[in-house]
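Laboratory data are not the source of any read-out in this text; all were calculated from the coordinates shown. Only a predicted model underlies this, so the values are computations on that prediction, with no experimental measurement involved. Ideal geometry is used to build each Cβ from the backbone, glycine not excepted, and the neighbour counts take in all protein chains shown.
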Amino acid sequence: MSTRSGLDILVVGGGTFGSTLATLLCENGHRVRIWVRREEQASEINAKHTNSRYLGDFKLHENLQATNELADSVPETPIVLVAIPSKFFREVAREIGDNLEGDQILVHATKGIEIDTFKRMSDILREETCAKKIGVISGPNLAKEIIAGQPAGALVASRYDEVVEGTQTLFQGSWMRMYGGRDVIGTEIGGSFKNIIALAAGVANGMGLGDNTKALLITRGLSEMARFGVSLGADVFTFGGLAGIGDLMATCASPLSRNHQVGVRLAKGEKLKKIVESMNQVAEGITTTKAVFKQVQHLGLDLPIVRAVYGLLYEGWEGQKALQNLMAIPVGRELAALRYR
Amino acid sequence: MRVEDKERVGVEVTQRVLDHWTQGTDAVEHALFDTIYEERRRLESEKKRSRAKKEGAFYNRIRHEALKASPERQKELLKEIIGFFVEEVTGHFDPRVYEVATRVVPPALSVLLNSVSPLRLLETIQGSDPLVDQLEVGGEIEAVKNAAKLGTTILVPTHSSNLDSILVGFALYRIGLPPYTYGAGLNLFSNKLISFFMHNLGAYKVDRRKKAPVYKDVLKTYAGVSMEMDYHNLFFPGGTRSRSGAVEKKLKLGLLGMGLNAYIHNLQAKKKRPDIFVVPCTINYQLVLEAETLIGDHLKEVGKSRYIIEDDEFSKPKRIFDWVQKLFSLHSRIHLIVSKPLDVFGNQVDEQGVSRDDRGRPVERTRYVLQDGKPTFDRQRDQEYTRELARSIVDAYHRDTVIKSTNLVSMAVFDLLRNRCPEMDLYRLLRTGGSEESFSLQEVHNQVSRALDTARKLSQAGKVRLCETLSEKDTVAVVSEALAHLGSYHRHPALSRRGDRLFHGDRNLLLYYQNRLSGFGGLATEKKP
């Protein structure tokens, strides 16, 4: 690691997950700074130790400093952790890139895909900064459970051992068990794709369907995730881990998930536009579905659940129609597409 | 290589390789006996009896002694073998010949290539340089020349033909770059005429039949140490000539990684000019001398293809003569494009030698290897950096590939073949030619016209380059140029015109030439056996 000594880590992004990780790292005894876009949000974190827009009354760690200046903070830290919604990711990454140097580690925790280009977040970091040592954190990490102090696990994946070990060290001894891996593609695809299945599970919930149906949906969803990921170069085993099935289970089971909530409301007949307007946080699944659907067509894959969710979001399908379409698909051999690839 | 450097290189390489292979318990013993085993095995099939006898005696003696030797003595024996390898690799340099060769060989080459046409030979004697017509060197020439002044450069060309190294040598001379050191496979020396040029263009012999990891380490370390001593290096990172005809996508990382290795050594030694720059380069032919052999080898069943080919067109002077003659008679150009230099991490480097990120912002490249403020080796990290470099090289290869009419027309015809028989597997299609032995000229024109549109769009987007015919002429001219080439030099015409129909003769060759376009979005996909 480098000689930079001002900070142990800079967290870029003051949303729910960024604030949660920042406070967790503070509790673990590290010198942490968090970058937020708005000045008043930074002032609130520094003065009151709250981030009311995203975390209500929850008290952040009192040592957590906030800033809205990237230029001063980036050069001070050996590791930058980016947790910015995919929509704004490139813009912020470019700003980070203005101040970053090659010895620094860049890890992101954003679950999404750039809609127009189908670039993964690590691709964007590579394009917008000079960093080579890039990694991704993903897993079943519902922020509200983490800040409640409950144990959780995640995966940090990078081609560079230094990134994996550096990130693991930061979380060592905390309630977040940080496992290491090398499959960046699989980890990113898992984290993005699960939002589509969470939407579908939300729809099933909203339609009053029971656990059998949801289990069917989740398992077949996992199979679609793996097929999609493998076709892009991922390791199939990643989908059996925290960034695959782990994340999928948490997101689909929890009513706290934003994507799940969108699904429930869609099933009840609300229009997408109205749902989006009423939410103060981004549900990544909405844009991810569009990007993935386009890519699935390009790759010539047949992924029925993705097709159905796309129909629900963008073609005005009703839950019943989506369900009927899915049930009409001929059943084949389970996992054949993966096993005999 | 300068005389005073030769000994230094030898000592340094021997010591580094020895250090590498003597870490850990039993490491010496394993390295020693593995090398003896590999070498004795190789000698069983050695054609030169005298050599087999001499080297056989050497390894027998070492083996006999090693069986009873103490660990210290085993280390000495390993050092002896390493020294033997080092001597073999470095021993072929004759500095006097080297000095003369850099001045004499390029004009001699010019005469050789022009001697097939008396008129052209006359022109050469009169002072003009007709090779200018045949070999077009383009791309970032100034940037590369600057890089060679600011640091040590590694030229990494695409590889289709054994003539590549000669052409590169000539191109370097013509654009005013110093000569490059490179390791040439023994098979390149099988043609006596070419062997002469090989010896004298700065090549050192690489025996690819030697499989012992210690030997490979000697070669790698030799390249690295020579870079540290400011010798510009040339090697083909694809490892061997592209069998399929496609532009290389997977590169050999071992040798490529020596650039980074040398860079870190230079930083640690606080050298004034520590920088190593990597220059990708594409060599683009209308006709490839060895196309038939290469694609034939590619189409062999997986695992049966040969890494070393010793009996191809390159070993037959008559074929080289025919090939050169054909290029001249058709006014065919070979395009050699040098790309923007890269640093050893894959970032582009500007004319001042400053590394730039994808957004064009300056990058302080030393930072990539610092740990606690000091330049440090980290095997895993450095392997990944080299992978990043390989990725940038492959990107540059694609951007700077020059598509020729033979590539585009072969692709169009192959697509027609495929469309006619979508169910047929590749081997059958190649063997039988599918349902029709010819296509109407009009049909081919239509297909070529569509492909030309796509190629021009890709070229406008900076994703590939086009030769003049493809960028300026119409479909009819493109097809006719391709026909002139594909219908003549090779033993069986790949494509020929009779009346208003085009007959596909050697479909393997069509496949070979069209494969060059695989990996360019919207153009061909590589057909794998």
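Based on the Cα atoms of the protein assembly as shown, what semi-axes does the equivalent ellipsoid have, where each is the square root of 5 times one gyration tensor eigenvalue, given in whole Å with the largest first?
52, 37, 26
Around B:Val156, what is the net charge, scoring Lys/Arg as +1 and Asp/Glu as -1 over all other residues with Cβ under 11 Å from its Cβ?
0
Taking all pairs of different Cα atoms in region A:77-141, averaging 1/r and flipping that mean, what Kirkwood radius in angstroms comes out?
11.7 Å
For A:Arg258, B:Arg51, which order do you get if you count the other beta carbons within 10 Å of each Cβ and list the fewest first?
B:Arg51, A:Arg258
So what is the 222 nm mean residue ellipticity for the protein assembly as shown from helices alone, if each DSSP H run of at least 4 adds -39500 (n - 2.57) and you divide by all residues, rounding to the nearest 500 deg cm²/dmol?
That calculation yields -16000 deg cm²/dmol at 222 nm.
Between B:Glu472 and B:Asp19, what length in nm is gained on full extension when 0.36 nm per residue of separation is reduced by their alpha carbon distance?
Additional length available on full extension: 157.3 nm.
Quick check for me: using +1 on Lys/Arg Cβ and -1 on Asp/Glu Cβ, what's the dipole size of the protein assembly as shown about its Cα centre, in debye to the nearest 20?
I would put it at about 1800 debye.
Would you calculate the separation in nanometres between label points at B:Arg428 and B:Arg356, each defined as 7 Å from the Cα along the Cα-to-beta-carbon direction?
5.3 nm
Taking 27 Å as the cut-off for C-alpha to C-alpha distance, list the pairs among A:Lys194/A:Lys268; A:Lys133/B:Lys374; B:Lys145/B:Lys316 that go past it.
With Cα atoms farther than 27 Å apart: B:Lys145/B:Lys316.
What is the distance in Å between the Cα centres of region B:255-283 and region A:102-180?
31 Å
Binned at 5 Å from 0, what are the whole-percent values of the Cα-Cα distance distribution for region A:1-93, short to long?
Per 5 Å bin, starting at 0, the Cα pair percentages come out as 3, 16, 27, 28, 18, 8, 2, 0.
Once you have all Cα-Cα distances for region B:3-90, histogram them in 5 Å bins from zero and send the whole-percent values.
The calculated distribution, bin by bin, is 3, 14, 23, 22, 18, 13, 6, 1.
Excluding B:Tyr489 itself, calculate the net charge of residues whose Cβ lies under 14 Å from the Cβ of B:Tyr489, where each Lys or Arg counts +1 and each Asp or Glu counts -1.
With Lys, Arg at +1 and Asp, Glu at -1, the neighbours total 0.
Using a cut-off of 15 Å between beta-carbons, work out the net charge of the residues near A:Ala328 (Lys and Arg +1, Asp and Glu -1, A:Ala328 not included).
Charge balance near A:Ala328 sits at +2.
Any chance you could tell me what percent of the C-alpha pair distances in region B:406-529 go past 26 Å?
Of all Cα-Cα pairs in region B:406-529, 15 percent lie more than 26 Å apart.
Could you tell me the extents of chain A's C-alpha atoms along the three principal axes, largest first, rounded to whole Å?
So the three principal-axis extents are 60, 42, 35 Å.
Considering the dipole of the protein assembly as shown built from charges on the beta carbon (Lys and Arg +1, Asp and Glu -1) around the Cα centre, which of A:Gly6, A:Val236, A:Leu60 is farthest to its positive end?
Going by the charge dipole, the pick is A:Val236.
Viscosity 0.692 mPa s, temperature 37 °C: Stokes-Einstein D of region A:193-339 from its Kirkwood Cα radius, in µm² per second?
216 µm²/s
Determine, for B:Tyr59, B:Tyr263, A:Tyr314, the number of other Cβ atoms within 10 Å of each Cβ, and report the residues in order from fewest to most.
The fewest-first ordering by Cβ neighbours comes to A:Tyr314, B:Tyr59, B:Tyr263.
Could you name the aspartates and glutamates whose alpha carbon sits less than 13 Å from that of B:Lys404, not counting residues in the same chain fewer than 8 places away?
Answer for B:Lys404, where 13 Å is the Cα cut-off: B:Glu468, B:Glu472, B:Glu481, listed by chain and number.
Among A:Gln320, A:Ile196, A:Ala250, whose Cα sits farthest toward the positive end of the charge dipole of region A:193-339 (+1 at Cβ of Lys/Arg, -1 at Cβ of Asp/Glu, about the Cα centre)?
A:Gln320
What's the FRET efficiency of A:Glu62 with A:Lys321 using the Cβ-Cβ distance as r and R₀ = 51 Å, to the nearest 0.05?
About 0.45, to the nearest 0.05.
Count of lysine pairs in region B:3-90 with Cα atoms under 24 Å apart, counting only pairs 8 or more residues apart in sequence or on different chains?
Counting lysine pairs in region B:3-90 gives 8.
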